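Trainee: Provided herewith is a single structure, encoded as structure tokens, for subsequent inquiry.
Every number in this text was worked out from the coordinates using simple rules, so none of it is lab data. If you're wondering where the values come from, they're calculated on a predicted model, not measured in any experiment. All Cβ positions, even for glycine, are placed from backbone atoms using ideal geometry, and neighbour counts span all protein chains on display.
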Amino acid sequence: MTLDLLPMDPGPRTLPVLGDAAKAALDPYMALIVGYRKSGLSLNHIIGCPLDCGYCVRHFWGNFDVKVPHLLCPTDEAIEMLVSHHAFRPHTTPIQLFNKATDPFLPGVKPHLFQVLQALDSRGYTNHVLVITRFHVTEADMAALEQLEHVRVTLLFTYSGIQDPRVEPIAKSEVTVRSIRTAAAHRTRTGVVLYWRPIVPGWNDQPETMARVLDLGQAVDAIVFTGYYHKPQNADFLRDLGVEVPYGDDYARRKVMPADLDAHVVAAWEASGINTPLFRKTSCGVAYAHQAPDYNGHWGVREICDICPAAQRDRCAADYREPEPADMQDVLNLFGYDSDFVIEPGHIWTHGLGEQRRYAIQHTLRHQIWELDQPHYLHAHGRSLTGHSSDPDQLAAVTAVRAQFEDAARYEDD
């Protein structure tokens, strides 16, 4: 399949710069060039994408109609913004490139991707670098990635098995399938992960579809699966195209992966007999690809580790330790943050830090940092509660933690 047979124009090879008026009109989140996300410190100085995935998160910030990628600033400036960010730590902070508003392997974006990678590598940084794509990755691209000596790059190929062109126009081109096979065949130090997402009832949970995804997954280092962001903006877009969208009006901040669908995925993987391990969390699959412990500290949430390979559980167990109050305070001081906190087995509760600061602490301590107003629940860790039942004991425990914060606030006010 050649690029001229794609169902969309992949955009120019030289990117235009977004004008000042257009920049000023951007949603603040889209205008943020360096920001923290759960899987790493994220660099996004290029926005705009022609791939038209119906569930794209760009619906949420009003950018979905921008099909031509545009630069927000020169790439050398963006690199300096990344490495001078207050939360960046050489060799520690995981990094994501172009994961919010474009595809890093589009023709015009790819030169900037490699410029960033080469700049990080030339400084000797050994940080994890996550690159999420569904586009065209060539042998030449893999050769360039394999020449990097320090940064630990992982390609995460978004592939869901969805065949409905209204949901994923690129699917029928088989570009993603070919790219996965190319990357897997030419990797040595580059991690290759099949990002099995979104898995949605009625779209791609049929046995034959799952079998096709798992068969492709035999070639890669790891498979990571997750659900669908169910929010009004993308749901309305898809419904207007005539696509049947599940979950009704049960919209959620987190991705939806009901308990029965999780069990269905795991059962299909087990029945397939493939040797490629399956993970519920991105950082787990990335860490496994590089034979490293999970940098998000998921070993503290042992229930999600039941499908992990024994060797990976051993790595995470050996790396894991419960922080002391002084450890947490040291990290707060390091970043200039201020928050009360409560340490419990496997995680630390905070309140009011916000996601970006919370994740910076999490990656520094390699330990779960939870926000009191957005609690995690057993078996739905990091997912919407849609399709999960709440455990009364855990609900009571969260209430008790909230009372501790309220008591601390009253004491400090006095």
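Trainee: Per residue, how big is the convex hull of region 337-389 when only Cα atoms are used? Give it in Å³.
Mentor: Details: hull volume 4.7 nm³, N = 53.
Convex hull of Cα atoms, per residue: 88 Å³.
Trainee: I'd like the FRET efficiency for ASP306 and SER389, computed as 1/(1 + (r/R0)^6) with the beta carbon distance as r and R0 of 22 Å, rounded to 0.05.
Mentor: Working: r = 18 Å, r/R0 = 0.83.
After rounding, the FRET efficiency stands at 0.75.
Trainee: Put a dot 7 Å past each Cα toward the Cβ at GLN163 and HIS290; how far apart are the dots in nm?
Mentor: Here the answer is 3.7 nm between the modelled labels.
Trainee: From the Cα gyration tensor of region 158-260, with a ≥ b ≥ c the square roots of its eigenvalues, which class applies: rounded if a/c is under 1.5, or else prolate if a/b is larger than b/c, or else oblate?
Mentor: Numbers: a/c = 2.19, a/b = 1.80, b/c = 1.22.
Prolate is the answer for region 158-260, as a/c is 1.5 or above and a/b outweighs b/c.
Trainee: Quick one: Kirkwood hydrodynamic radius for region 325-413, alpha-carbon pairs, angstrom, one decimal? Intermediate results must be reported in sequence, preceding the final value.
Mentor: Values: mean 1/r = 0.0719 Å⁻¹.
Averaging 1/r across every pair of different Cα atoms and inverting gives 13.9 Å.
Trainee: Something else: How far apart, in nm, are two points set 7 Å out from the Cα along the Cα-to-Cβ line at GLU324 and at ASP240?
Mentor: Result for the modelled spin labels: 5.8 nm.
Trainee: Still on this structure, I have one more. By count of other Cβ within 10 Å, fewest leading, how are THR188, THR126 ordered? Intermediate results must be reported in sequence, preceding the final value.
Mentor: Details: THR188 7, THR126 15.
Neighbour counts put them in this order, fewest first: THR188, THR126.
Trainee: Just need the relative contact order of the chain here, percent rounded to a whole number, with Cα pairs under 8 Å and 6+ apart.
Mentor: 13
Trainee: Same structure again: If I model a spin label as a point 7 Å beyond the Cα along the Cα-Cβ vector, how far apart are those points for GLU80 and HIS264 in nm?
Mentor: 5.2
Trainee: Then there is this: Once you list every other residue whose beta carbon is under 11 Å from the beta carbon of MET30, what net charge do they have if Lys and Arg are +1 and Asp and Glu are -1?
Mentor: Details: positive: LYS23, ARG58, LYS100; negative: ASP27.
Counting the neighbours of MET30, the net charge comes to +2.
Trainee: Something else: Please order GLU324, GLU208, GLU371, GLU168 by the number of other Cβ within 10 Å, starting at the fewest. Mind dumping the intermediate values first?
Mentor: Details: GLU324 10, GLU208 7, GLU371 17, GLU168 27.
With the fewest neighbours first, GLU324, GLU208, GLU371, GLU168 line up as GLU208, GLU324, GLU371, GLU168.
Trainee: Counting only DSSP beta bridges with both residues in the chain, tell me the antiparallel percent, nearest 5. Intermediate results must be reported in sequence, preceding the final value.
Mentor: Working: 11 of 39 bridges.
Here the antiparallel bridges make up roughly 30 percent for the chain.
Trainee: Now, a different point. Please give me the summed charge of the neighbours of SER179: other residues whose Cβ is under 10 Å from its Cβ, Lys and Arg +1, Asp and Glu -1. Walk me through the numbers before you get to the answer.
Mentor: Working: positive: ARG134, ARG178, ARG181; negative: ASP141, GLU174.
Spelling it out: positives minus negatives among the neighbours equals +1.
Trainee: Can you put TRP349, TRP196, TRP61 in order, fewest other beta carbons within 10 Å first?
Mentor: Values: TRP349 21, TRP196 26, TRP61 17.
Going from least to most buried by this count: TRP61, TRP349, TRP196.
Trainee: Would you mind estimating how fast the chain diffuses translationally, via Stokes-Einstein at 25 °C and 0.890 mPa s with the Kirkwood radius over Cα pairs, in µm²/s?
Mentor: On the way: Rh = 22.2 Å.
Taking Rh from Cα pairs, D becomes 111 µm²/s.
Trainee: In addition: Per DSSP helix of 4 or more residues, -39500 (n - 2.57); summed, then divided by the residues of the chain. What does that give at 222 nm, rounded to the nearest 500?
Mentor: Values: 14 runs with 145 residues, N = 414.
The per-residue figure over the chain is -10500 deg cm²/dmol.
Trainee: Now for a separate question. Let me spell out the model: positive unit charges on the Cβ of Lys and Arg, negative unit charges on the Cβ of Asp and Glu, origin at the Cα centre of the chain. What dipole size does that give, in debye rounded to 20? Mind showing how you got there, number by number?
Mentor: Details: 37 positive and 52 negative charges, 223 e Å.
Using Cβ point charges on Lys, Arg, Asp and Glu, the chain gives about 1080 debye.
Trainee: Give the residue from GLY108, VAL153, VAL213 lying farthest towards the positive end of the charge dipole for region 3-316; charges sit on Cβ (+1 for Lys and Arg, -1 for Asp and Glu) and the dipole is referred to the Cα centre.
Mentor: After comparing all options, I get VAL153.
Trainee: Excluding residues on the same chain fewer than 8 positions from LYS110, give the aspartates and glutamates whose Cα lies under 16 Å from its Cα.
Mentor: ASP9, ASP76, GLU139, ASP141, GLU146
Trainee: Using 1/(1 + (r/R0)^6) with R0 = 51 angstrom and r between the beta carbons of LEU32 and GLU208, what's the FRET efficiency to the nearest 0.05?
Mentor: Numbers: r = 41 Å, r/R0 = 0.81.
Calculated value: 0.80.
Trainee: Moving to a separate point now. Please list, in chain and number order, the residues 5+ apart from LEU41 or on another chain whose amide H is under 5 Å from its amide H, with Hs placed from the backbone.
Mentor: Close amide H contacts, sequence-distant or interchain: ILE95, GLN96.
Trainee: Between THR158 and residues 5 or more places away or on another chain, which pairs have amide H atoms under 5 Å apart, with H built 1.01 Å from N, and which residues are they?
Mentor: For THR158, whose amide H was placed from the backbone, the distant partners under 5 Å are THR133, ARG134, TYR195.
Trainee: Hey, can you grab everything whose amide H is under 5 Å from the amide H of ARG254? Only 5+ residues off in sequence or another chain; H modelled, so Pro and N-termini drop out.
Mentor: SER384
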